[in-house]
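The values are calculated or read from the model by the stated rules, or taken from the named source; none is laboratory data. Just so it is clear, the model here is predicted, and its values are computed rather than measured. For neighbour counting, all protein chains shown are included, and Cβ atoms are generated from backbone atoms with ideal geometry for every residue, glycine included. For the accessible areas, the whole protein counts, side chains as well, though only heavy atoms, and no ligand, DNA or RNA atoms are used. Shrake-Rupley method; radii C 1.70, N 1.55, O 1.52, S 1.80 Å.
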Amino acid sequence: MSQNIIEVRNVVKNFSTGALEVAVLNGVTLNIQPGEFVAIVGASGNGKSTLLNMITGIDHPSSGEVIVAGQKLSDLNENQLAAWRGKHLGVVFQFFQLLPALNILQNVILPMDFLRNLQPKQRRERAQHLLELVGLSDQMNKLPSQVSGGQQQRAAIAR
């Protein structure tokens, strides 16, 4: 049996809406092994995005724990979480989160600028290669508003 890549242990997430507290996740436990493909499905408002936010460290559980690739996310502060996400995760948001004032190439380079793990020339070369892999090398100088939704999604995948 292989080590779990994602472990969600008895996670609860409550949100306060004025005087009312609503449990969006209530004791969720999930184990995902390397190479496993998992779909999180359900009706709108049932906590799918909240669960993904827990797994990516974007949000924190009210109780329970989340461990990804051996890292207990609650052990990291916000700066450490941001660095951890930049190094270990890729998230393609529903609305892509591309910065509208940056062209497609600049949007792909931006996370590399934050991490500073490559020299600027290498970042540009890597971003161009990634855009080539997703079929966007001919669109790299366009703004997100100048390309289709599908192209924006592919740019987000390259990023």
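Using the rule -39500 (n - 2.57) for each DSSP H run of four or more residues, divided by the residues of the chain, the 222 nm mean residue ellipticity is -10500 deg cm²/dmol.
What the range 1-97 shows is 65 Å² of accessible area per residue, with the surface traced by a 1.4 Å probe over protein heavy atoms. I need the fraction of alpha carbon pairs in the chain separated by more than 20 Å, rounded to a whole percent. So the portion of pairs separated by more than 20 Å is 59 percent.
Considering only 40, 58, 104, the Gaussian network model of the chain with Cα springs below 10 Å gives its largest mean-square fluctuation to 40. Farthest toward the positive end of the dipole of the chain, out of 52, 112, 4, is the Cα of 112, where the dipole comes from beta carbon charges about the Cα centre. Considering only 145, 63, 16, the mean-square fluctuation computed in a Gaussian network model of the chain, springs between alpha carbons under 10 angstrom, is largest for 16.
Around residue 61, under 11 Å between beta carbons, what's the net of Lys plus Arg minus Asp minus Glu among the other residues? Here the charged neighbours net out to 0. At full extension, residue 118 and residue 132 could sit 3.1 nm farther apart than now, given 0.36 nm per residue minus the alpha carbon distance.
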